[in-house]
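Student: Handing you a structure now.
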Amino acid sequence: MPVNFDKMPDRLNTNCVKWDGLPNMFKVKAEDEVLPFWVADMDFDCPQPITDALRERVNHGIFGYTRVSDHFSQSVVSWMNKRHGSWIDPKSVRFSPGVLHGLTNAILAFSKKGDGVIIMTPVYYPFNSIIKDTEREVIENPLIEINGHYEIDYEDLKKKTSQSKAKLLILCNPHNPVGRVYTQAELTKIGEICVLNKITVLSDEIHSDLIYAPYKHLTYMNLPGVYKNKAVVFISPSKTFNLAGLQTSAVILPDETMRQAYDKAASLTRTTGINVFGEVALCAAYDQCESYVDELMAYLTINLAYVRETLRSRFPQLTLFEPEGTYLLWIDFRKSGIDEKELLHFMSHTARIAIDDGSWFGSQGSGFIRLNSACPLSQLKEAFDRLESAFNQLKNK
């Protein structure tokens, strides 16, 4: 049964971070009815094959300790092949509760305390946290902003990777929050630089199913062996099928020696035990829900077109950085007349829209917001009506 993407689900009072966590996070009152566009999950129902599979498992009635089955690896292998044209060895697949758990394990496995980990800012801010929490050093390789588009600074990357303390690069592809989907030429250049300087690449590809036409996602696993064998790829159904609460993801390690090191770290952090419902959901998603992704992307494309035209016609002072992938929109407010330090308060208290402040993603994000467009179109329309009203209030002061 197709999902009705126009239906607005009621997520209040379900311990939902996005909705129920909003008042505390943004210091607003429930009666203010602030709309959430911050947390990166979707206000859409899950595909029915997933909920059917979960109900069937619930009906069994016993939820004891659960091992990772061969079905888990087979589903991951099949999905990577049919959606991304990549053939991976089932032996290379590992379970992780989430991509951040997997990244943490990889940092522990492939570096030591005091080593440097490179990130391409502005980027998903928990990367910063897990690097510091594992007592490694953050090394920034800022993206270059050119005419509403971001490019990799290869000269700076060469300098940063040549530092003796640099051991790892966390690559975010598609890139959260700026929406880049890196090309084969870009990924190959990254691979060349990293192999030359003995840098292991950790490729977070959690948004890899969410790509706008005509762009195509190229997984790092599709690069030649000299590059992919010094890399780890992280994927999950959580963004694609709205399953973040089931805490299930996959780690792909093509090199046997690296698998052994990763397994040791995962054992140390006790992140090898799978959630009984997580595996059921992942297998149902990857085995039965391919058509859902196509339907989802068609709807997200409509939402993107609405935001693009609305900014053009009603908000000329704002600029959308055109996304190639993800449902996360990176919008430039630097010409809005709003002080960068007041932007978050303006959005949450005046416009009553909860967003991610661009500065959370690094200093390069100051003056930007990240807005989650994975919701019914009516919800987006309400948000931009509120934003227009908020700007009118500023004019009338």
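Rundown of residues vs (1) touching a Ser or Thr at 6+ places or on another chain (Cβ under 6 Å); (2) of a type in the set (Val, Ile, Thr); (3) more than 30 Å from Pro49 (Cα to Cα); (4) in the same structural domain as Asn147 (by TED's automatic domain parsing), yes/no style:
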{"site": "Tyr299", "(1), (2), (3), (4)": "no, no, no, no"}
{"site": "Ile302", "(1), (2), (3), (4)": "no, yes, no, no"}
{"site": "Thr319", "(1), (2), (3), (4)": "no, yes, yes, no"}
{"site": "Leu343", "(1), (2), (3), (4)": "no, no, yes, no"}
{"site": "Ile353", "(1), (2), (3), (4)": "no, yes, yes, no"}
{"site": "Asp357", "(1), (2), (3), (4)": "no, no, yes, no"}
{"site": "Ser378", "(1), (2), (3), (4)": "no, no, no, no"}
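Student: Same structure, new question: Residue by residue through region 52-91, note down the ones that are farther than 24 Å from Tyr262 by Cβ and among the small types (Gly, Ala, Ser).
Tutor: The answer is Ala53, Gly61, Gly64, Gly85.
Student: Being more than 17 Å from Asn303 (Cα to Cα) and in contact with a Ser or Thr (Cβ under 8 Å, 6 or more places away or on another chain) is the filter here, so list the residues in region 5-26 that pass it.
Tutor: Within region 5-26, Asp20, Phe26 qualify.
Student: Examine region 157-171 for a residue that is under 18 Å from Gly85 (Cα atoms) and among the polar types (S, T, N, Q), and state whether such a residue exists.
Tutor: Within region 157-171, not a single residue is under 18 Å from Gly85 (Cα atoms) and among the polar types (S, T, N, Q).
Student: Can you name every residue in region 303-335 that is buried (at least 19 other Cβ atoms within 10 Å of the Cβ) and hydroxyl-bearing (Ser, Thr, Tyr)?
Tutor: Those that are buried (at least 19 other Cβ atoms within 10 Å of the Cβ) and hydroxyl-bearing (Ser, Thr, Tyr): Thr310, Thr326, Tyr327.
Student: Considering only residues of region 43-76 that are among the hydrophobic types (A, V, I, L, M, F, W, C) and touching a Ser or Thr at 6+ places or on another chain (Cβ under 9 Å), which is nearest to Leu300 (Cα to Cα)?
Tutor: Phe72
Student: In region 56-80, how many are under 20 Å from Ala266 (Cβ atoms) and either free of Cβ contacts under 8 Å to residues at least 12 places away in the same chain or hydroxyl-bearing (Ser, Thr, Tyr) (or both)?
Tutor: 5
Student: Right, next: Regarding region 292-310, can at least one residue be identified that is of a type in the set (Phe, Trp, Tyr) and more than 20 Å from the chain's Cα centre (by Cα)? Spell out how you get there, then give the answer.
Tutor: Step one: filter region 292-310 for residues of a type in the set (Phe, Trp, Tyr), giving 292, 299, 306.
Within this subset, residues satisfying the condition of being more than 20 Å from the chain's Cα centre (by Cα) are 306.
Checked region 292-310: at least one residue is of a type in the set (Phe, Trp, Tyr) and more than 20 Å from the chain's Cα centre (by Cα).
Student: Look at Ser96 and say whether it is surrounded by 21 or more Cβ atoms within 10 Å (Cβ to Cβ), assigned by TED's automatic domain parsing to the domain that holds Arg270, within 30 Å of Ile152 (Cβ to Cβ) and in contact (Cβ under 8 Å) with a residue 12 or more places away in the chain.
Tutor: Here the answer is yes, as Ser96 does meet what is asked.
Student: Within region 283-302, track down each residue that is touching a helix residue (DSSP H, G or I) at 6+ places or on another chain (Cβ under 6 Å) and either of a type in the set (Lys, Arg) or crowded, with 20+ Cβ neighbours inside 10 Å (or both).
Tutor: The answer is Cys283, Ala284, Ala285, Tyr286, Cys289.
A quick yes/no check of all residues on (1) under 28 Å from Ile211 (Cα atoms); (2) surrounded by fewer than 23 Cβ atoms within 10 Å (Cβ to Cβ); (3) not assigned by TED's automatic domain parsing to the domain that holds Asp209:
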position: Pro126; (1), (2), (3): yes, yes, no
position: Glu135; (1), (2), (3): no, yes, no
position: Glu140; (1), (2), (3): yes, yes, no
position: His149; (1), (2), (3): yes, yes, no
position: Tyr154; (1), (2), (3): yes, yes, no
position: Lys158; (1), (2), (3): no, yes, no
position: Leu168; (1), (2), (3): yes, no, no
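Student: In addition: Quick test for you: out of Arg352, Arg308, pick the one residue that is in contact with a strand residue (DSSP E or B) (Cβ under 8 Å, 6 or more places away or on another chain) and touching a residue at least 60 places away in the same chain (Cβ under 8 Å).
Tutor: Arg352
Student: Which condition does Glu145 not pass, out of (1) surrounded by fewer than 17 Cβ atoms within 10 Å (Cβ to Cβ); (2) at pLDDT 95 or above; (3) farther than 24 Å from Phe368 by Cα, if it passes all the others?
Tutor: All conditions pass for Glu145, except number (3).
Student: Let me ask something else. Return the residues of region 224-243 that are buried (at least 23 other Cβ atoms within 10 Å of the Cβ), more than 13 Å from Ala40 (Cβ to Cβ) and touching a Cys at 6+ places or on another chain (Cβ under 9 Å); say none if nothing qualifies.
Tutor: Of everything in region 224-243, those that are buried (at least 23 other Cβ atoms within 10 Å of the Cβ), more than 13 Å from Ala40 (Cβ to Cβ) and touching a Cys at 6+ places or on another chain (Cβ under 9 Å) turn out to be Ala231, Pro237, Phe241.
Student: Within region 57-74, count every residue that is among the small types (Gly, Ala, Ser) and surrounded by 10 or more Cβ atoms within 10 Å (Cβ to Cβ). Give the derivation first.
Tutor: Going residue by residue through region 57-74, those that are among the small types (Gly, Ala, Ser) are 61, 64, 69, 73.
From the residues that got through so far, the ones that are surrounded by 10 or more Cβ atoms within 10 Å (Cβ to Cβ) too are 69, 73.
Adding up the residues that qualify gives 2.
Student: Hey, another quick one. Out of all the residues in region 9-55, which are exposed (fewer than 14 other Cβ atoms within 10 Å of the Cβ) and either within 17 Å of Ile353 (Cα to Cα) or in contact with a strand residue (DSSP E or B) (Cβ under 6 Å, 6 or more places away or on another chain) (or both)?
Tutor: Once the filter is applied, which keeps residues that are exposed (fewer than 14 other Cβ atoms within 10 Å of the Cβ) and either within 17 Å of Ile353 (Cα to Cα) or in contact with a strand residue (DSSP E or B) (Cβ under 6 Å, 6 or more places away or on another chain) (or both), region 9-55 yields Leu12, Asn24, Lys27, Lys29, Ala30, Glu31, Asp32, Glu33.
Student: Okay, moving on. For Val3, are the conditions met, namely being surrounded by 12 or more Cβ atoms within 10 Å (Cβ to Cβ), within 21 Å of the chain's Cα centre (by Cα) and not in a helix (DSSP H, G or I)?
Tutor: Criteria not met by Val3.
Student: Moving to a separate point now. Pull up region 360-389, narrow it to residues that are without any contact (Cβ under 8 Å) to a residue 40 or more places away in the chain and either in contact with a Lys or Arg (Cβ under 6 Å, 6 or more places away or on another chain) or farther than 20 Å from Asp41 by Cα (or both), then point me to the one that is surrounded by the most Cβ atoms within 10 Å (Cβ to Cβ).
Tutor: Just the residues of region 360-389 that are without any contact (Cβ under 8 Å) to a residue 40 or more places away in the chain, to begin with: 366-367, 369, 385, 389.
With either in contact with a Lys or Arg (Cβ under 6 Å, 6 or more places away or on another chain) or farther than 20 Å from Asp41 by Cα (or both) added as a condition, the list becomes 366-367, 385, 389.
Values: Ser366: 17, Gly367: 19, Asp385: 13, Ser389: 12.
Residue satisfying both the conditions and the ranking: Gly367.
The values are calculated or read from the model by the stated rules, or taken from the named source; none is laboratory data. Please read these numbers as outputs of a predicted model, since none were measured by experiment. Cβ coordinates were reconstructed from backbone atoms using ideal geometry, including for glycine residues, and neighbour counts include every protein chain displayed.
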